Amino acid sequence: MPTNPAASPPRKLAAGNWKMNGLSAQLAEARALADAFPAPGVGVLLCPPATLLATMAQATAGSAIGLGGQDCHEAEKGAHTGDISAAMLADAGASHVILGHSERRADHGETSEQVAAKLRAAWGAELVGIVCLGETAEERAAGRTLGVVGAQLAGSLAEGATAANTVIAYEPVWAIGSGQTPTAEQIAEVHGFLRAQSPDPAISLLYGGSVNPGNAAAIFAIPGVDGALVGGASLKAVDFGAIVTALQTA
Ligand code: PGA
């Protein structure tokens, strides 16, 4: 089985989250991205649906494109119908796994405590966990942003999180898929706060929420932003490639 190792992930990371999008025809986009960035010099990661992981590992074999899952179960294995383990993701070619995305927290009621358990499971399979957190529009309007993300961070990061095994993604819920982004000051404030609270100052801190080729360079210029977790704009190699290029030159 081909693997796409990212043993010592670079701090600058562009991660594409395909969510529940992509049948096998979508593999052409992964191939195009792999061809466009034979050695990007920054971390580039695609997180397709689990059904595509193994074939995508073959499609991107020998390239610098890493692969990630979108969730894993907290148990190593067992009677959990419909779930996927961290070891299965690693076996299919993943080096990373997204954990605690707001869509998982909302659709499946995932708590920060569960996210921490999943993070430990990811480490057990030698995966890097990308831990997502972010406030809702109501929480921001109520002036609770830092309190909410601080509590999510404290609850979701298992003991032992370091830059080698964990990435943090700040994703305001109201910015995801909405075309709206926070101001540079708002992103800088949260990233500065997360950096100060995080157990390892070298942990990569991504911003996510409506990142696109038009705003990527400005977002990467914000102090404390090490990269992006990209949803919609990661589905097309040309768009995600432009975001990768913006990160390379940031
Ligand atoms: P978006 O999604 O880029 O489509 O807003 C980001 C995410 O949910 O990770």
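Nearest 500 deg cm²/dmol is fine: what mean residue ellipticity at 222 nm does the chain get from its DSSP H runs of n ≥ 4 alone, each adding -39,500 (n - 2.57), divided by its residue count?
Details: 10 runs with 94 residues, N = 250.
Result for the chain, helices only: -11000 deg cm²/dmol.
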Fill in the blank from the handout: The residues 234, 112, sorted from fewest to most surrounding Cβ atoms within 10 Å, come out as 112, 234
Fill in the blank from the handout: The aspartates and glutamates whose Cα lies under 16 Å from the Cα of residue 77, excluding any fewer than 8 residues away in the same chain, are 91, 126
Handout entry: Residue among 196, 50, 163 with the largest mean-square fluctuation in a Gaussian network model of the chain, springs linking Cα atoms under 10 Å
Key = 196
Fill in the blank from the handout: Ranking 45, 198, 69 by how far each Cα lies towards the positive end of the charge dipole of the chain (+1 on Lys and Arg Cβ, -1 on Asp and Glu Cβ), the top one is 45
Practice task
Subtract the Cα-Cα distance of residue 249 and residue 218 from 0.36 nm times their separation in residues, and report this length gain in nm to one decimal.
Solution key: 10.0 nm
Exercise for the section: Starting from the Cα of residue 19, draw a straight line to each of the lysines and keep only those under 22 Å, dropping any in the same chain fewer than 8 residues away. Expected result: 118, 236
Completion exercise
The distance between the Cα centres of the range 103-176 and the range 232-246, in whole Å, is 24 Å
Completion exercise
One can check that the equivalent ellipsoid of the chain, built from the alpha-carbon gyration tensor with semi-axes equal to the square roots of five times its eigenvalues, has lengths in Å, largest first, of 25, 22, 16
Completion exercise
Cβ density ranking, 10 Å radius, fewest first, applied to 181, 166 yields 181, 166
Fill in the blank from the handout: In whole angstrom, largest first, the equivalent ellipsoid semi-axes that the Cα gyration tensor gives for the range 1-121 are 24, 15, 14
Practice task
With +1 on each Lys and Arg Cβ and -1 on each Asp and Glu Cβ, and nothing else charged, work out how big the dipole of the chain is about its Cα centre, in Debye to the nearest 20.
Solution key: 360 debye
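Taken together, the values in this text are just the output of simple stated rules run on the coordinates, not laboratory data. A quick note: this is a predicted structure, and the numbers were derived from the prediction, not measured. When we count neighbours, we look across all protein chains shown, and the Cβ atoms used for this are built from the backbone with ideal geometry, even at glycine.
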